[in-house]
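Have a look at the structure below, then the notes.
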Amino acid sequence: MRQSQLFTHSLKELPKDESSFNAQTLMRAGFIEKISAGVYAYLPLGLRVFQKIEAIIRQEMASLGAQEVVLPSLTPEEPWQQTGRLATFDVLFKTTGSDKKKYVLAPTHEEIITPLVKKFVQSYRDLPVGVYQIQTKFRNELRVKSGLLRGREFTMKDLYSFHLDQDDLNAYYLAVQKAYFQILKRCGLLEQTYLTFASGGAFSQYSHEFQTVTEAGEDTIFICEDCNLAINKGIIKEQPVCPNCGRKDLVERRAIEVANIFKLGLKFSKAFNFTVADAKGQRQPVIMGCYGLGLDRLLGAIVEVNHDNHGLIWPVEVAPFKAHLLDITTDPKGHHQAQNLYEALLKLGLEVLFDDRRQTPAGSKFADADLIGCPYRLVVSDRTIEQDSFEIKRRRDTEGRLVNFDQVNTYFHSN
């Protein structure tokens, strides 16, 4: 993509109506735009990152054998009344249609997915089943000061699993844990993220969260460095103790909850009378699990963890482009060389943002490149042209090196 064709651009000053670092930085770099408190638009650069995260999630869900659907955001009130959550779910957006029918803008989809799967699953032979979606949710949050970490409109990957017995649910639950850690690894967050014991609420004694350590986090966790596990402060009544080894000297840290998983048990299957015939022909209630992962929250956590004083530092798999090519030459020959390099990179299959803006000073181009944060920065200048080369620098490095034009293929195949 040619940067001269982007309708968006970076901002020189911090947005005055945004206090969170992740949203400030993404807005300055031209990735998102704030529409209202807790509601953001994804601009071309931000959408590319968002779609990379989506692709990673879909690949890992496929490894579980989960099947993708898309459920409506606008849902009737009746299933929410049936489960009792119409009165108890305190962040529901409710509305009334022109037909006087009452609706809920869904913050989650247990009330919709359970009767839907019930319609098609009748026998133990049909189980287990995993069904997921990547879809817009709505929550009438009171606190929306954390940028993408807590929104009123957001995108979530929600997976629901259905099982004949507890052992089957337990095995699937562990498989999802592994898939989530693989997603976090590919998004550059594995080293900072802990599987965290949390309150199970109405569903079970414990649920599990995936908490990414950063001072921007809204949660407090206690980490056992021996077991690489943590406990959410919200379930602790006395001195925190590792649930695995019993260690008491745990490390207190702030963290972002990027995902959570629950063993739902029979709560929703009972509400909708969802049973299947077992091997003996007896009807048995279906046991359920649910597994949520917030895409906006994940993206915000990546920003909070991967940055320096100059801007973003995207992990390779989620970067909007792998390389940012800057043309800072002053003569037609240099422009021609930069264009040739751009085309050569595209032929290699690399995603490249080409800063071909002619009226933009070199200093501004360098500042924008650091702010946008692609993994590699390539520079064609009058100095490099004299040596029939270009300069290349990793975003995380302080210094670059010269590479001959005819070595570009070799360089990117070895890095």
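Where a number appears in this text, it was derived from the coordinates with a stated rule and is not lab data. Remember, predicted model here, so these are calculated numbers, not experimental data. All Cβ positions, even for glycine, are placed from backbone atoms using ideal geometry, and neighbour counts span all protein chains on display.
Values as computed for the structure displayed
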{"read-out": "10 °C / 1.306 mPa s Stokes-Einstein diffusion coefficient of the range 60-107, Kirkwood radius on C-alpha pairs, µm²/s", "value": "127"}
{"read-out": "Three-way shape call for the range 1-96 based on the alpha-carbon gyration tensor, with the a/c threshold at 1.5", "value": "oblate"}
{"read-out": "Kirkwood Rh, angstrom, the range 153-220 [1 / mean 1/r, Cα pairs]", "value": "13.9"}
{"read-out": "In sequence order, calculated HN-Hα J values of the range 311-319 (Karplus, 6.51, -1.76, 1.60; Hz; x Gly/Pro)", "value": "x, 7, 9, 6, x, 4, 5, 10, 5"}
{"read-out": "Distance between the range 38-75 and the range 154-214 - C-alpha centres, whole angstrom", "value": "17"}
{"read-out": "Relative contact order %, the chain, counting alpha carbon pairs below 8 Å whose residues are six or more apart", "value": "15"}
{"read-out": "Reduced Cα scattering model of the range 52-194, Debye log10 I(q)/I(0), q = 0.09, 0.16, 0.21 Å⁻¹", "value": "-0.34, -1.04, -1.37"}
{"read-out": "Proximal aspartates and glutamates relative to Lys16, as straight alpha-carbon distance under 15 Å, when same-chain residues fewer than 8 apart are discounted", "value": "Glu33"}
{"read-out": "Convex hull volume per residue for the range 79-160, taking Cα atoms only, in Å³", "value": "125"}
{"read-out": "Residues Val91, Val241, sorted so that the one with the fewest Cβ neighbours within 10 Å comes first", "value": "Val91, Val241"}
{"read-out": "Helix-derived mean residue ellipticity, 222 nm - over the chain, DSSP H n ≥ 4, -39500 (n - 2.57), to 500", "value": "-9000 deg cm²/dmol"}
{"read-out": "Cα gyration tensor shape of the range 256-372, rounded if a/c is under 1.5, else prolate or oblate by comparing a/b with b/c", "value": "prolate"}
{"read-out": "Length-normalised contact order for the range 321-413 - Cα pairs under 8 Å, 6+ apart - percent", "value": "31"}
{"read-out": "Equivalent ellipsoid semi-axes, the range 211-253, via Cα gyration tensor eigenvalues times 5, rooted, Å", "value": "17, 12, 7"}
{"read-out": "Where N is the number of residues in the range 183-334, Cα Rg divided by 2.2 N^0.38 Å", "value": "1.47"}
{"read-out": "Binned Cα-Cα distances of the range 119-186, short to long, each 5 Å bin given as a whole percent", "value": "3, 13, 16, 17, 16, 15, 11, 6, 2, 0"}
{"read-out": "Projected-area mean, the range 321-413, by convex hull of Cα positions, square nanometres", "value": "5.4"}
{"read-out": "Given Lys178/Lys263; Lys34/Lys322; Lys322/Lys393; Lys333/Lys393; Lys178/Lys267, the pairs whose alpha carbons are separated by over 19 Å", "value": "Lys34/Lys322; Lys333/Lys393; Lys178/Lys267"}
{"read-out": "For the chain, the spread of Cα positions along each principal axis, largest first, Å", "value": "81, 59, 45"}
{"read-out": "All aspartates and glutamates inside 13 Å of Lys118 as judged from Cα atoms, apart from same-chain residues fewer than 8 positions distant", "value": "Glu110, Asp126"}
